[in-house]
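Novice: Have a look at this one before I ask anything.
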Amino acid sequence: MSAKYRVMIIDDEQSARNLLKGSINWDSLDMGVVGEAASGIEAINVIDELHPDIVFVDISMPFMDGIEFTEVATARYPHLVIIIMTAIDKFEYARKCVSLPVFEYMLKPMVRSEITEVLVKVKKRLDTTGGAQSDFGKSDEDDYPGQEPSSMEQIKRYIEANYTDSKLNLAFAAQQFGFSASYLSRRFKQDTGKNFVEYLTECRMKKAIQLAEHGTKMFRTSAEVGIPDPNYFGRCFKKHTGMSYSDYVSEHEIKS
């Protein structure tokens, strides 16, 4: 995409995500929406692939709320610009979290002019600091001479042994092995032919299929394979198998 700054929207209501995407003239701000997520957990799983500079995140979401997401995301990516969206009844809760590096708290329903005003301020900061991309190590100078391709085999085995841990994602694994997330992403794809998230999801879905064939309830399966958000799990399962989890369970029951 040609936009200079990358935007991610995290909200469990699709209508809210669509409204924010469609109501702002992103091009005029040299920004573009590169992705979205319906929960904090889903966002943490895809943020390493999306490399956003700016994140809008709703404060009230199941499994990982906006505050928890902010704590995790800014610890890894300190230059990420976080804008928390909150309803009036949660506003005081949000303001209590002043220690977090949040750029702005915005009340829902948000007004287009106010969003644009905040984004103009964000753009000024990013123009000065160069954005959040340095946190993601996008430079090709970030190489690790002496690291052998066999390292990727070790990481594959690490994924296979630890995929049930909901904390496991690209940034987490990179930290364990002393790589930057961008180097691991690039090298893993080069050496295995799959990107890290695909491989991790594949491991999780293989186990999920086994559990589905035994009639395990979806909420139990999602937790057991390291995706505690059942809605995100359901989308992953359908993408992997072409069927919803309930349909897969029903079909197996009929065949058996």
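The values are calculated or read from the model by the stated rules, or taken from the named source; none is laboratory data. These numbers come from a predicted model, not from an experiment. Counting neighbours? That spans all protein chains shown, and the Cβs are built from the backbone with ideal geometry, glycine included.
Novice: Please state which one of Glu42, Glu68, Glu49 is buried (at least 23 other Cβ atoms within 10 Å of the Cβ) and not aromatic (Phe, Trp, Tyr).
Specialist: Just one listed residue meets the conditions, Glu42.
Novice: What strands (runs of 3 or more DSSP E) lie completely within the range 1-101 and have 2 or more residues being closer than 23 Å to Pro230 by Cβ and touching a residue at least 12 places away in the same chain (Cβ under 8 Å)?
Specialist: 5-10, 31-37, 54-58
Novice: Are any residues in the range 196-246 surrounded by fewer than 20 Cβ atoms within 10 Å (Cβ to Cβ), within 16 Å of Ala37 (Cα to Cα) and of a type in the set (D, E, K, R), and if so, which ones?
Specialist: Within the range 196-246, Arg235, Lys239 meet the criteria.
Novice: Quick one: how many residues across the range 114-130 are at pLDDT 95 or above and either among the hydroxyl-bearing types (Ser, Thr, Tyr) or assigned to a loop (DSSP other than H, G, I, E, B) (or both)?
Specialist: Counting residues in the range 114-130 that are at pLDDT 95 or above and either among the hydroxyl-bearing types (Ser, Thr, Tyr) or assigned to a loop (DSSP other than H, G, I, E, B) (or both) gives 1.
Novice: What number of residues in the range 41-93 are under 22 Å from Asp30 (Cβ atoms) and not hydrophobic (A, V, I, L, M, F, W, C)?
Specialist: Residues in the range 41-93 being under 22 Å from Asp30 (Cβ atoms) and not hydrophobic (A, V, I, L, M, F, W, C): 6 in total.
Novice: Within the range 226-256, can you find the residues that are hydroxyl-bearing (Ser, Thr, Tyr) and in contact with a Lys or Arg (Cβ under 8 Å, 6 or more places away or on another chain)?
Specialist: Across the range 226-256, the qualifying residues are Ser244, Tyr245.
Novice: In addition: Name every residue in the range 156-203 that is under 18 Å from His51 (Cβ atoms), in contact with a Lys or Arg (Cβ under 6 Å, 6 or more places away or on another chain) and not in a helix (DSSP H, G or I), in order of residue number.
Specialist: Asn195
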